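Trainee: Dropping a structure here in structure tokens format, bear with me for questions.
The values are calculated or read from the model by the stated rules, or taken from the named source; none is laboratory data. Treat the numbers as computed from the prediction; the structure is a model and nothing was measured. Cβ sites come from the backbone with ideal geometry, for glycine too, and all protein chains shown count toward neighbours.
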């Protein structure tokens, strides 16, 4: 498995990068269901404080993780991200779910199909367990969401987020860091 840098000490399954999760699944060290339960426990602790999630679906995620666990047990993962828990921004359409774009002015009509990013994640076997909040149309510098009637928050990953200028920048940096790369240069 990827060896984290000293400042990236891994203490829990939810701390592992996608690369490490996949290596662990392959080696049968843990399963997608076990990882998801740790992620959900972590969310339960932090979400009441940061309020970064929209359309949080732990039951749907558990069903997806169970199917992924079964595929890994058979040695037949469906794609390059099979069993990796992910979130996506509220502005990316997911089938049968509304796409408010952070704005109260948007109709809450279910999307007829997944947008390409969501479709590619699902095809690769990723577990989309929630969407993340955003300000109106992703553009208000105040960070306010008229849909949520409060500031939209990016998931907080220290020390990365505090060094960044915006939520999208934070998310990009966090994704790079969790993937085991450094995109700050």
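Trainee: Determine if segment 116-129 includes at least one residue that is more than 30 Å from residue 77 (Cα to Cα) and modelled with pLDDT of 55 or more.
Mentor: No.
Trainee: Could you list all residues from segment 79-129 that are part of a loop (DSSP other than H, G, I, E, B), closer than 23 Å to residue 40 by Cβ and touching a strand residue (DSSP E or B) at 6+ places or on another chain (Cβ under 8 Å)?
Mentor: Across segment 79-129, the qualifying residues are 83, 84, 90, 92, 94, 96, 97, 114, 126.
Trainee: With respect to residue 86, determine if the residue is surrounded by fewer than 21 Cβ atoms within 10 Å (Cβ to Cβ), touching a residue at least 12 places away in the same chain (Cβ under 8 Å) and within 17 Å of residue 36 (Cα to Cα).
Mentor: yes
Trainee: Is it the case that some residue within segment 59-75 is touching a strand residue (DSSP E or B) at 6+ places or on another chain (Cβ under 9 Å) and part of a loop (DSSP other than H, G, I, E, B)?
Mentor: No, the conditions are met nowhere in segment 59-75.
Trainee: Here's a follow-up. Restricting attention to segment 141-148, does a residue exist that is out of contact with any helix residue (DSSP H, G or I) (no Cβ under 9 Å at 6 or more places or on another chain) and closer than 19 Å to residue 56 by Cβ?
Mentor: Yes; the residues of segment 141-148 include at least one that is out of contact with any helix residue (DSSP H, G or I) (no Cβ under 9 Å at 6 or more places or on another chain) and closer than 19 Å to residue 56 by Cβ.
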